[in-house]
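A short write-up of the structure that comes next.
Values quoted throughout were computed directly from the atomic coordinates according to the rules given, and no laboratory measurement underlies them. Keep in mind the model is a prediction, meaning the values are calculated, not measured. Positions of Cβ are backbone-derived with ideal geometry, glycine not excepted, and every protein chain shown enters the neighbour counts.
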Amino acid sequence: MPWIEDTVKDLMKIPLTEITHKMAQMISPDAYCMLSSTYSRIAEHRLTLAFYPSWWMGLVKHLLHPDQGKTRLQILMLLEEVKIHGMCLECKNMNADWVRDQGALTEDERELKKAINEVVAWYILKKKVSEEGEDNMMDAV
């Protein structure tokens, strides 16, 4: 159900405080709850990264910038492509591999995929229950 995935991704781009009551009702209270939980997990993860001293003066500004921030995957790609004066290619690649293997820069994507899967599963279950209800009404007639 690609339309659900696209909708969840679009909603995740909107600050939670800007999702109106009407919007929340349109997507349903259950889906809104799943999205708000995802917002919280991602925000907590970003703040945790922000306070690593080695990150505070560098990459974290890209993570937290509200208007011109980069996605975690964009930052990971930058790390893989950057040329670091005085560091051989093998060492740079080992560092980029280590960062990738830690999963810190892909946590947002995992959380987003988890939210999409939760909303899709909820939607399918709701639709199935609704259809079974209609079948039961037809049996009663």
*asked:* Please compute the length gained on full extension between Met94 and Lys113, using 0.36 nm multiplied by the number of residues separating them and subtracting their Cα-Cα distance.
replied: 4.1 nm
*Assuming R0 = 41 Å, what is the FRET efficiency of Val129 and Thr71, from their Cβ-Cβ distance, to the nearest 0.05?*
0.70
_Packing-based exposure ordering (other Cβ within 10 Å, fewest first) of Leu79, Leu73_ = Leu73, Leu79
